[in-house]
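Novice: This is the structure, below, for whatever I ask next.
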Amino acid sequence: MMQQKVVFNDMVTMSESKPWRFMLVGSIGAGKTTLLKALESKNPGSVCKTQMIDYSGWGIDTPGEFVELGHLRRALISTSFDAQILVAVQDATRKDSFFPPNYFLIFPQHTIGVITKLDRPHADIEHAKLLLRRAGVTGEIFCVSALTGLGISELRDYLLNQNSML
Ligand SMILES: Nc1nc2c(ncn2[C@@H]2O[C@H](COP(=O)(O)OP(=O)(O)OP(=O)(O)O)[C@@H](O)[C@H]2O)c(=O)[nH]1
Ligand SMILES: [Mg+2]
């Protein structure tokens, strides 16, 4: 069957026009919700801590606890059934990662990485890339600042183009 081509604006305004979604996964405070707001062209300035899995946006937003606390990780597995692409989010200023080694290889979906907070002085892109690859992220890696907007349009275009691929 032909996949319906849907543009981004349709996707966020018409609930029936969401043929696919991505799921954001990453540590507490990594910048998942801020990134989602930036991708949706909403003001990313102030976001609240995510308390529960949030299906209301273009991407499925998950709380960082679901990666950091082992007993909650299983919820990510079941939620991933609703997503066609996984987006692993890594804070460029963090030396550590809560993703177990090769974690993303257990998911059948394509997994891309997003390194956030590039505007911060101690952002270390190479280290963040290493952490994402170690976690089993095999897809493209994007470097962004959700606050300054750096790299956001490239990531948005990439995600929009996946419409025709999936
Ligand atoms: N400087 C800078 N700060 C950012 C960026 N992205 C997010 N932040 C800040 O990082 C903090 C955490 O961002 P959130 O988007 O709430 O992080 P989260 O991954 O959704 O966190 P949980 O909901 O707890 O899992 C907030 O104070 C954001 O303003 C960025 O690109 N640059
Ligand atoms: Mg959040």
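Novice: About its Cα centre, what dipole magnitude does the chain give when the only charges are +1 on Lys and Arg Cβ and -1 on Asp and Glu Cβ, stated in debye to the nearest 20?
Specialist: Values: 17 positive and 16 negative charges, 42 e Å.
Around 200 debye, computed over the chain.
Novice: Would you compute, from DSSP H runs of 4+ residues alone, the mean residue ellipticity of the chain at 222 nm, taking -39500 (n - 2.57) per run and dividing by the full residue count, rounded to the nearest 500? Please list the in-between numbers first.
Specialist: Details: 6 runs with 46 residues, N = 166.
Calculated at 222 nm, the ellipticity per residue is -7500 deg cm²/dmol.
Novice: Name the residues of the stretch 23-40 whose amide N is less than 13 Å from a point 7 angstrom out from the Cα of Ser56 along the C-beta direction?
Specialist: Counting backbone N atoms under 13 Å from the label point, the list is 37.
Novice: If you restrict to DSSP beta bridges whose two residues both lie in the chain, what percentage is antiparallel, to the nearest 5? Walk me through the intermediate numbers first.
Specialist: Working: 1 of 18 bridges.
Antiparallel bridges: around 5 percent, rounded to the nearest 5.
Novice: With the dipole of the chain worked out from charges on the C-beta (+1 for Lys and Arg, -1 for Asp and Glu) around the Cα centre, which of Ser27, Ser145, Leu69 lies farthest toward the positive end?
Specialist: Of the options given, the answer is Leu69.
Novice: Still on this model: So between His122 and Lys95, what do we pick up on full extension, going 0.36 nm a residue minus the alpha carbon distance?
Specialist: Fully extending the segment from His122 to Lys95 adds 8.7 nm.
Novice: Test of understanding: in a Gaussian network model of the chain with alpha carbons linked when under 10 Å, which of Ile112, Ile77, Ile152 would top the mean-square fluctuation ranking?
Specialist: Between Ile112, Ile77, Ile152, it is Ile77 that shows the largest mean-square fluctuation.
Novice: Go through Lys95/Lys117; Lys42/Lys129; Lys37/Lys117 and tell me which ones have a Cα-Cα distance over 21 Å in this structure.
Specialist: Lys42/Lys129, as the Cα separations exceed 21 Å there.
Novice: Another one. Which one of Leu118, Leu39, Pro108 has its Cα pushed farthest toward the positive end of the charge dipole of the stretch 29-145, where Lys and Arg give +1 and Asp and Glu give -1 at the Cβ?
Specialist: Of the listed residues, the answer is Leu118.
Novice: Only Cα pairs under 8 Å and at least 6 apart count here; give the relative contact order of the chain as a rounded whole percent. If you can, show how the numbers build up before the last one.
Specialist: Details: 300 pairs, mean separation 39.5, N = 166.
With pairs under 8 Å counted, the relative contact order is 24 percent.
Novice: Could you run the Debye sum over the Cα atoms of the stretch 89-129, one equal point scatterer each and no solvent, and tell me log10 of I(q)/I(0) at q = 0.30 Å⁻¹, two decimals?
Specialist: Ignoring solvent entirely, the Cα scatterers give -1.06.
Novice: In a GNM of the chain with a 10 Å cut-off on Cα contacts, which of Pro100, Pro44, Pro63 has the highest mean-square fluctuation?
Specialist: Per the Cα network of the chain with a 10 Å cutoff, Pro100 tops the list.
Bear in mind that the values in this text are calculations on the coordinates, not laboratory data. If you're wondering where the values come from, they're calculated on a predicted model, not measured in any experiment. In this analysis, Cβ positions are derived from the backbone assuming ideal geometry, glycine residues included, and neighbour counts consider all displayed protein chains.
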